[in-house]
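Engineer: Submitted below is the structure of interest, expressed as structure tokens.
The values are calculated or read from the model by the stated rules, or taken from the named source; none is laboratory data. Remember, it's a predicted structure, so these values are computed and weren't measured experimentally. Here the Cβ positions follow ideal geometry from the backbone for every residue, glycine too, while neighbour counts run over all protein chains shown. Note: accessible area is taken over every heavy atom of the protein model, side chains too, but ligands, DNA and RNA are not part of it. Shrake-Rupley method; radii C 1.70, N 1.55, O 1.52, S 1.80 Å.
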Amino acid sequence: MDDVYLVEIRLGMTKWRVRQIVLSIAGSSGIEPFMERHPHVTLYGPMVLTDGVSEQQVLDTIGAIAERYDPVQFTIDRFEKREGLHGGVIAFSVRPSDPLKRMTREIAEALLPITRSQNGWDAEPGQKWFHVTVANRLELRKASEVFAALPGPDDP
């Protein structure tokens, strides 16, 4: 079986707050098994390496691109619900900065020829959904129920 990889940005100073919110939502709605344990923004993947490509080659490719973008800013926004690769997804929407969009596009352009992405957004980075997952792999009905109970943009 092929190893599966993900290129992501882990949250820095906001990690503790996002994690507390995820734990609270999961606990109050009974979706602990589906909650995201390591909040992050996915930049590329999941993916597998093509034959003859090493992990080091991929790391060097990503590193050469990422070193030009430090720090990479983005804003964590409202809650969203979508249908993902494996069921319902509840997430924080992310408003990406232009540098984050450019870096993501460059990573996709560099990795597409040497990996097999399992994510359709990677081939179309301009259509990418930037988000931080709260929970995924939910039955669609359960995702709708949990999402309906979350505060909206106009709630206090």
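Engineer: Taking the Cβ of Leu23 as the centre, find all other residues whose Cβ is under 15 Å away and add up their charges (Lys, Arg: +1; Asp, Glu: -1).
Structural biologist: +2
Engineer: Another question, if that's okay. Averaging sequence separations of C-alpha pairs under 8 Å and six or more residues apart, then dividing by the length of segment 5-76, give the relative contact order as a whole percent.
Structural biologist: Working: 45 pairs, mean separation 28.3, N = 72.
The normalised contact order for segment 5-76 reaches 39 percent.
Engineer: With every protein chain left in place, what is the accessible area per residue of the chain in square angstrom, probe 1.4 Å?
Structural biologist: Here the per-residue accessible area is 60 Å².
Engineer: Give the average over all directions of the projected area of the C-alpha convex hull of the chain, one decimal, in nm².
Structural biologist: So the mean shadow area of the Cα hull is 10.0 nm².
Engineer: Additional query: If I take every Cα pair under 8 Å that is 6 or more residues apart in segment 1-150, average their sequence separation and divide by the length, what percent do I get for the relative contact order?
Structural biologist: 30 percent
Engineer: Report, in deg cm²/dmol and to the nearest 500, the calculated mean residue ellipticity at 222 nm for the chain, where each DSSP H run with n ≥ 4 adds -39500 (n - 2.57) and the sum is divided by the residue count.
Structural biologist: Numbers: 4 runs with 51 residues, N = 156.
After summing the helix terms and dividing by residue count, I get -10500 deg cm²/dmol.
Engineer: Hey, any idea what % of segment 44-113's accessible area is carbon plus sulfur with a 1.4 Å probe?
Structural biologist: Solvent-exposed carbon and sulfur of segment 44-113 make up 46 percent of the total.
Engineer: Taking the Cα centre of the chain as origin, sum charge times position over the Cβ atoms of Lys and Arg (+1) and Asp and Glu (-1), and report the length of that vector in debye to the nearest 20.
Structural biologist: About 480 debye.
Engineer: Using Cα positions and a limit of under 21 Å, work out the lysines in reach of Lys142, with same-chain residues fewer than 8 apart set aside.
Structural biologist: Excluding near neighbours in sequence, the set is Lys81.
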